[in-house]
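FYI, it's all coordinate maths here, none of it is from the lab. Because the structure is a prediction, the values reported are computed rather than measured. Glycine gets a Cβ as well: all are built from the backbone with ideal geometry, and neighbour counts include every protein chain shown.
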Amino acid sequence: MAEPLISLDAVGLRYGTLDALRSVNLRIQAGERVAFIGANGSGKSTLLRVLHGLLPPTSGERRQATGVDGRPLRIAMLFQRPFLLRLSVLGNVKLALWLAGVRGDAARTRSVEALQRVGLADQAQRPARALSGGQQQRLALARAWALQPDVLLLDEPTASLDPSAKREVEHLLGEFADQGLALLIASHNLGQVKRLAQRVVYLEQGRVLADVPATQFFDGAVLPPEAKLFLKGELPW
């Protein structure tokens with residue numbers, strides 16, 4: 001196999017006396033679609049932040065490969081409630097590119113292309129915070145996509161959206177993944193996991209108890225008892 005984009009070796013993370021992650025070993029390859037699932041407090045969001053590099057592990061090691069042609073690996077993250085600045089729709093995307101070192105005409109061109117990609121080009125001059133919930137999430141996706149990431153991490157990206165907006169966002173995520181980036185998503189929505197993921201990582205109290213292809217996870221035959229209970233809806237969220 002090719003060198004993993006991101007590797008975790010025996011990674012732990014502690015908040016005070018709480019072990020949020022315990023001895024996690026994980027390999028993320030280019031182009032993978034990986035879903036992280038588990039009950040509330042299982043460590044999904046913390047794991048995404050460690051994979052991103054936002055949280056340094058308190059034990060173990062996180063490593064990441066270089067990107068294409070030896071450039072730094074590009075990683076973007078999308079949260080359940082996107083943080084949008086008091087700027088226009090276009091301005092929010094341009095600022096993200098400016099922070100990434102893309103300026104001038106190149107930033108404007110990429111920003112416009114990103115908004116076209118998510119169907120928001122006609123909203124470019126509107127205040128970003130005036131958009132609907134679904135539009136705001138599409139704007140956040142445009143902002144992430146404009147950075148041309150190798151890895152896109154998503155933390156419950158459609159949890160607060162209505163069914164129509166969820167379908168729109170899922171469709172965009174599928175299209176983005178088809179372009180070859182690695183898609184890592186924490187979700188409580190098992191239907192969404194079935195539609196988007198090729199691989200499922202099940203967490204329980206900060207430990208990875210299952211890491212299997214999505215088809216095997218939903219078949220349930222090779223799962224530990226905790227994951228089988230979760231699938232049956234017998235574990236608390």
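Brief remarks follow.
- Per-residue Cβ neighbour counts within 10 Å put F79, F230 in the sequence F79, F230, beginning with the fewest.
- Taken over the alpha carbons of segment 92-155 as equal point scatterers, the Debye sum produces base-10 log I(q)/I(0) values at 0.12 Å⁻¹ of -0.26.
- Acute angle (nearest 10 degrees) that the helix 104-117 long axis makes with the longest principal axis of the chain, alpha-carbon atoms: 60
- Short-range pairs are left out: with C-alpha atoms under 8 Å and at least six residues apart, the relative contact order of the chain is 28 percent.
- If you model the chain as an ellipsoid using its alpha carbon gyration tensor, with each semi-axis the square root of five times an eigenvalue, the axes come out at 31, 21, 16 Å, biggest first.
- Degrees, to the nearest 10: 89-99 long Cα axis against longest axis of the chain: 70
- Helical content alone sets the calculated 222 nm signal of the chain at -10500 deg cm²/dmol, taking -39,500 (n - 2.57) per DSSP H segment of four or more residues and averaging over every residue.
- Karplus-derived 3J(HN,Hα) values for segment 180-193, using 6.51 cos²θ - 1.76 cosθ + 1.60 with θ = phi - 60°, are x, 7, 7, 10, 10, 10, 9, 8, 8, 8, 5, x, 5, 4 Hz; glycine and proline are entered as x.
- In terms of surrounding Cβ atoms within a 10 Å radius of their Cβ, V112, V11 rank from fewest to most as V112, V11.
- Charge sum, other residues only, whose C-beta stays under 12 Å from G53's C-beta, Lys/Arg counted +1 and Asp/Glu -1: +4
- Taking L184, L203, L87 in turn, the Gaussian network model of the chain (Cα-Cα springs below 10 Å) assigns the largest fluctuation to L87.
- Helix axis angle, 163-178 relative to the chain longest principal axis, alpha carbon, degrees: 90
- T215, T158, T17 arranged by Cβ crowding within 10 Å, fewest neighbours leading: T17, T215, T158
- Of all DSSP-defined beta bridges confined to the chain, some 55% are antiparallel rather than parallel.
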